[in-house]
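Read-outs throughout are calculated quantities, based only on the coordinates presented, and are distinct from any laboratory measurement. As the structure is a computational prediction, the values presented were derived from the model and not from experiment. Don't worry about glycine lacking a Cβ; one is built from the backbone with ideal geometry, like all the others, and counts go over all protein chains shown.
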Amino acid sequence: MKATIHTANISGTVHAPASKSAMQRACAAALIRKGTTKIYNPGKANDDMAALAVIQQLGAVIKKEEDHLIIESNGVNPASNKMNSGESGLGIRMFTPIASVASAEILIQGEGSLVSRPMNFFDEILPQLHVRINSNEGKLPLQVQGPLQPKNITVDGSLSSQFLTGLLMAYAAAEANDVTITVQNLKSKPYIDLTLQLMKDFALKVPVNKNYDAFFCEPSSANLSTAEPVNYTVEGDWSGGALLLVAGAIAGDIVVNGLDVFSQQADKKILEALSECGAILSITPERIKVGPAPLKAFQFDATDCPDLFPPLVALAAYCKGTTVIQGTSRLTHKESNRAITLQEEFAKMGVKIELQDDLMLISGGSVVNGGNVSSRHDHRIAMACAVAALKANGAVEIEDAQAVNKSYPDFYEHLQHLGVDVSLNV
């Protein structure tokens, strides 16, 4: 699909999409916990649908009501010998250890760019937990057979915190006692905070966080069976919300509802960048109002929030001077190599980006050109290009624009609601 985004002055109010980070974790917790879970404001992005499919494959039963989902589970009891996480990086990294809690042999698959992303972590860690694993030279598909037996282990957290999230969830599912996961070089700590908070919300056994260097599962006799159902509301997504807020800073006064300013989500840091560059901001617990102003270059460390790179680049394109963003090493194993993709696609719009070691330098404040760009099948690239197009000197046509369905299927509809002329051609 092609999307053509025309220059626009935007205004109005829009509600942020549901957080797929929270939604997918909630699906995992509902599976692990034995009983009934009701999930309100459930996400409908492709990654969310993949997570729901996975927990059904692993034994959960799901009923859809008008405004919520009802999930019944008796723990990890696979209903299938296959598990498919679609294109979800979090899904594959989180659910593979959880699936390994069962004694059944399970074939773990994925789609799209996920099949080329490294999974060596599992080859190294799961055998230490008495899980038999066969992989395609460190890539999908994987074949695992448990049951996983929690042990004292040391893991590398430098590639992604999602692997640790999977282990923490799996240890909870296996009712781990008196064992420690030691972590070296942990990145994206806020996402671990999100995992621990959600485990608490679902009454799962939460390990003791020892300054992110170790996570200790205390001795206890607690089990996962509970009589009371859990009612969980998925919060708004700061990753998608960041794109809306940047759109307001570039192209007009808007109000974004549904973002929790007290959230554990890492991408909440977009507010710091908007403040530093000079955008007009008004923040309350109920809503965030943002508007354009003369924007200046800023410095930002995105090491713990790498998904902010695309909206930050769109913002920096309109900030006078050279913006410096740290953390490009976190972008290599995304849906695309996002550092290079951002550099090449924004160059087509006349925005110069230099890559120096772990830094990205964006020269902003000049004219952003209309033209043709490609999402490279990456949802965040498609949305960043669309936002950057709002004040370009001509329309921007985005190839593979349907990539937004991975995380924010209503994105183009929300732009139209704010006054943007969006043409979609299949």
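Extension gain, residue 293-residue 11: 0.36 nm per intervening residue step, less the Cα-Cα distance, totals 100.1 nm.
Share of pairwise Cα-Cα distances greater than 41 Å in the chain is 15 percent (whole percent). Computed from phi, the 3J(HN,Hα) profile of the range 352-365 under the Karplus parametrisation 6.51, -1.76, 1.60 (θ = phi - 60°) reads 8, 10, 10, 10, 10, 6, 9, 10, 10, 10, 10, 8, x, x Hz, with x in place of Gly and Pro. The value obtained for the range 20-233, namely the Cα convex hull volume divided by the number of residues, is 101 Å³ per residue. Near residue 214, the amide H atoms lying under 5 Å from its own belong to 183; only residues 5 or more places off or on other chains count, and H is placed 1.01 Å from N. Take the Cα of residue 272, step 7 Å toward its Cβ, do the same at residue 416, and the gap between the two points is 3.7 nm. Reducing the range 361-426 and the range 266-297 to their Cα centroids gives an inter-centroid distance of 20 Å. Working from the Cα coordinates of the range 152-253, the gyration tensor eigenvalues give, after taking √(5λ), semi-axes of 31, 20, 8 Å in decreasing order.
Computed from the alpha carbon positions, the gyration tensor of the range 37-128 leads to an equivalent ellipsoid with semi-axes of 24, 17, 10 Å, biggest first.
The HN-Hα couplings worked out from phi for the range 197-214 by the Karplus form 6.51 cos²θ - 1.76 cosθ + 1.60 (θ = phi - 60°) are 5, 5, 4, 5, 4, 9, 6, 7, 6, 9, x, 7, 8, 9, 6, 6, 8, 7 Hz, whole numbers, x standing for Gly and Pro.
Here the range 277-426 is treated as a Stokes sphere of Kirkwood radius computed over C-alpha pairs; at 20 °C and 1.002 mPa s its diffusion coefficient rounds to 136 µm²/s. Once both labels are positioned 7 Å from their Cα atoms along Cα-to-Cβ, the gap between residue 329 and residue 395 label points is 4.4 nm. Among beta bridges from DSSP that stay inside the range 20-233, the antiparallel ones total about 70%.
Amide H contacts for residue 148 (H built 1.01 Å from N in the peptide plane; partners 5 or more residues away or on another chain; cut-off under 5 Å): 101, 102.
On a 0 to 90° scale, report how tilted helix 162-173 is relative to the longest principal axis of the chain, with both axes built from alpha carbons and the result rounded to the nearest 10. The two axes meet at around 30 degrees. Could you tell me the distance between the Cα centroids of the range 119-197 and the range 32-90, to the nearest Å? Cα centroid to Cα centroid, the span is 20 Å.
Beta-bridge orientation, the chain: approximately 70 percent antiparallel, per DSSP, counting only bridges with both partners inside. Fully extending the segment from residue 2 to residue 103 would add 31.8 nm, taking 0.36 nm per residue of separation and subtracting the current Cα-Cα distance. Bridgeable lysines around residue 20 (alpha carbons under 22 Å apart, same-chain partners fewer than 8 residues away excluded): 38, 44, 63, 64, 187, 189, 200, 268, 269, 334, 406. Legend: Rg and Dmax of the range 337-381, from Cα coordinates, 10.7, 30 Å.
Only helices enter the 222 nm calculation for the chain: every DSSP H run of n ≥ 4 contributes -39,500 (n - 2.57), and dividing by all residues gives -8500 deg cm²/dmol, rounded to 500.
A full extension of the chain between residue 367 and residue 282 corresponds to an added length of 27.8 nm, given 0.36 nm per residue minus the alpha carbon distance.
Compactness of the range 111-212, taken as the C-alpha radius of gyration over 2.2 N^0.38 Å, stands at 1.08.
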